[in-house]
Amino acid sequence: MTVLKRQFITDADGQPIGIILPLEEFALIATTLEQRLVTQQLEAKLQQIEAASSDPLFLADLGETMTAFAQADTEWWEH
C-alpha cells in the first residue's frame with residue numbers, strides 16, 4: 001500500500017510556494033478554500049467597482065453610452 005504525504009513545491013530559490021495534499025487531507029479543507037476564494041473574488045470585484053468611479057476610460061464610456069441613449073430615455077421613461 002502506498003502512503004502519500006504532503007509534498008511541498010518550492011521556487012528556484014528554495015522558498016515554498018505550494019503544497020500537494022493527499023485527497024483525504026484536501027477533502028478536510030476544500031469547503032474552507034472554496035469560501036475563501038469566493039470572498040477574494042467578491043473583494044476584487046468591489047475594488048474594481050470603486051476604481052471605476054475615477055477611471056477616465058470608464059467615465060468616458062459611461063458618458064458616451066448615456067448620450068447615445070438620451071433619446072430613447074426621453075421616449076420610454078415616465079415623466
Worksheet, complete the sentence: When the charge dipole of region 7-71 is computed with +1 at the Cβ of Lys and Arg and -1 at the Cβ of Asp and Glu, the Cα pointing farthest to the positive end, of F8, F69, L46, is that of F69
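So what is the calculated 222 nm ellipticity per residue for the chain, using -39500 (n - 2.57) for each DSSP H run with n of 4 or more, over all residues, to the nearest 500 deg cm²/dmol? It would help to have the intermediate numbers written out before the result.
Working: 3 runs with 50 residues, N = 79.
-21000 deg cm²/dmol, from helical runs alone.
Based on Cβ point charges of +1 for Lys and Arg and -1 for Asp and Glu, what charge dipole magnitude is obtained for the chain about its Cα centre, in debye rounded to the nearest 20? Don't skip to the answer; put the middle values down first.
Details: 4 positive and 13 negative charges, 136 e Å.
Dipole size: approximately 660 debye.
Values in this text are rule-based calculations from the coordinates and carry no lab data. The shown structure was predicted, so the numbers you read here are calculated from the model rather than taken from an experiment. Using ideal geometry, Cβ is built from the backbone for each residue, glycine included, and neighbour counts are taken over all protein chains shown.
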